[in-house]
Structures are given as structure tokens and as C-alpha cells.
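> Structure incoming, see below.
All of the numbers you see were taken from the coordinates with simple rules; none came from a lab. Keep in mind the model is a prediction, meaning the values are calculated, not measured. Cβ placement follows ideal geometry from the backbone for every residue including glycine, while neighbour counts extend to all protein chains displayed.
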Amino acid sequence: MKSEPNVFSIDDLMARPNQTEPWEGVRNYQARNFMREMESGDLSFFYHSNCKDAGIVGVMKIVKTAYVDDSALDENSPYFDTKSTFENPRWWRVDVQFVEKFERTITLQELKTKVELADFKLVQRGNRLSILPIIETQWEFINALK
């Protein structure tokens, strides 16, 4: 799950009450669908994007499964969507909780050099969704890099 650190960083998550926060603002249908498949207790890498050292900076846990992202219904929100309504919401969010911050960033450049991750959507050209699936072998390989 990606976030720009100047918008919401792993340090911001660590500073929240109970180290928990709604993951709102996803406005891509495929990323939304991936998020709706998440289950309570699932783990996710926290990825800092659009910054000098873009990469995986830690781990968080899904603590509340997908529910309506009401920021899409709030005209004052940067995530407002005129096509989303109370009766027919288009966007969803999950609640995440901090698990671990890595001692170093596992950069996108480093991930791209690993043949073991050739099938990982993040390292493939054109796959820059804010939420991407990961299989167990990729998860274990990346965790071993930290």
C-alpha cells in the first residue's frame, strides 16, 4: 500500500492514537478492488512513493475490512467524488495499524534488481497502483531484505 510521505508517512501512522488510521483516498477501481479483498489481520507493506528514496519502509496490519470511504462524499475533502453517493458509494477504505518500521528503506531500485521479484507487480513497468497484491514467496523474500 503506497502513500506519499509528505501526505501520510509511516511516522504519521506511528503517531496516531492506537497507531491506527483509515486508509482513505484510493480513487482507482483496481486498487479499490484489491483493498476490498483484504481481511482483518492481513499484513501489508507500507510503501513511500513519489519521494527521493521511494520504497518499502515498514509493515502495517488491516484491522478493519473495507467500508465506505465517506471522504468521497465530503465536498471539502480532497478526495471528494461527485459521482459517489450515500445510496451508491464508489469508494472504500480499510483501517490499518502500525506493525513495524524498517531500519532502512528497501528502495524500488533495489527491488527491481531482484530476479526473485520479476513477477511482482510493483517492479513491472506500468504497475504503479496505490495498492497491489503480493504472494507469500514475494512477501517472505522482501522481508528477508530488511
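> Between helix 136-145 and the chain, what is the angle of the helix's C-alpha long axis to the longest principal axis, kept within 0 to 90° and rounded to the nearest 10?
Roughly 60 degrees, rounded to the nearest 10.
> Could you tell me what percent of the DSSP beta bridges with both partners in the chain are antiparallel, to the nearest 5?
Counting only bridges with both partners in the chain, antiparallel ones make up about 90 percent.
> Rounded to the nearest 20 debye, what is the charge dipole size of the chain about its Cα centre when +1 sits on each Lys and Arg Cβ and -1 on each Asp and Glu Cβ?
In total the dipole reaches around 460 debye.
> For segment 62-116, run through the chymotrypsin sites (Phe, Trp or Tyr not before Pro) and keep only the ones in DSSP coil with at most 14 other Cβ atoms within 10 Å of their Cβ.
Loop-located and lightly packed - Phe80, Phe86.
> Order the peptides 7-13, 27-33, 55-61 from the highest to the lowest mean number of other Cβ atoms within 10 Å of their residues.
Order by mean packing, descending: 55-61, 7-13, 27-33.
> OK, next. If you average the sequence gap of Cα pairs under 8 Å that are 6 or more apart and divide by the length of the chain, what percent do you get for the contact order?
It rounds to 27 percent for the chain.
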